[in-house]
Amino acid sequence: MKVKGHFFEMEIPEDREIVETDKLSFPWKEDPKGYFLVKIEDGLILCGFLEKHTMTVEFKGKNAYNIIKEIAKRKMVTPEHMGYIAAELIRAKQCLDNDQKFVQR
């Protein structure tokens, strides 16, 4: 089937793979590269990267997308962990914009 996209017509095949994700489960596993701590302070998102419980890099700003892109560019974590930290940073941005308390999950 052809449908009109934003800028061009695109093809959506009837026999494409469709992945139902609501019942998928992804058990937590530690990222060997390290982990992130996220908080909001003084109107900014602070995102620290820790290796062996030592913060080696801290990202600071109001733009969660820029933080996400910088972390991805540096290839600091596995793709699974990248998805998690991106989701947390977007939640932090939403809390910052709506003057709500943020607690990392």
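Estimated at 0.36 nm per residue, the fully extended path between residue 72 and residue 55 surpasses their Cα-Cα distance by 4.4 nm. Under a model in which nothing but the beta-carbon of Lys, Arg (+1) and Asp, Glu (-1) is charged, the chain shows a dipole of about 380 debye around its Cα centre.
For the listed residue pairs 29/52; 39/73; 33/101, the alpha carbons are over 19 angstrom apart in 39/73; 33/101. Here the contact order of the chain, divided by its residue count and restricted to Cα pairs under 8 Å and six or more residues apart, works out to 21 percent. For the peptides 28-37, 88-97, the ranking by packing is 88-97, 28-37, with the highest mean count of neighbouring Cβ atoms within 10 Å listed first. Taking a straight Cα-Cα cut-off under 16 Å and skipping sequence neighbours fewer than 8 places away in the same chain, the aspartates and glutamates within cross-link reach of residue 69 are 58, 80, 88.
Semi-axes of the equivalent ellipsoid for the chain, computed as √(5λ) from the eigenvalues of its C-alpha gyration tensor and ordered from largest down, come to 32, 19, 14 Å. Sorting 20-26, 69-75 by average packing, meaning the other beta carbons within 10 Å per residue, from highest down gives 69-75, 20-26.
Every number in this text was worked out from the coordinates using simple rules, so none of it is lab data. It should be emphasised that the depicted structure is a prediction, and the values quoted were computed from it without experimental measurement. Ideal geometry is used to build each Cβ from the backbone, glycine not excepted, and the neighbour counts take in all protein chains shown.
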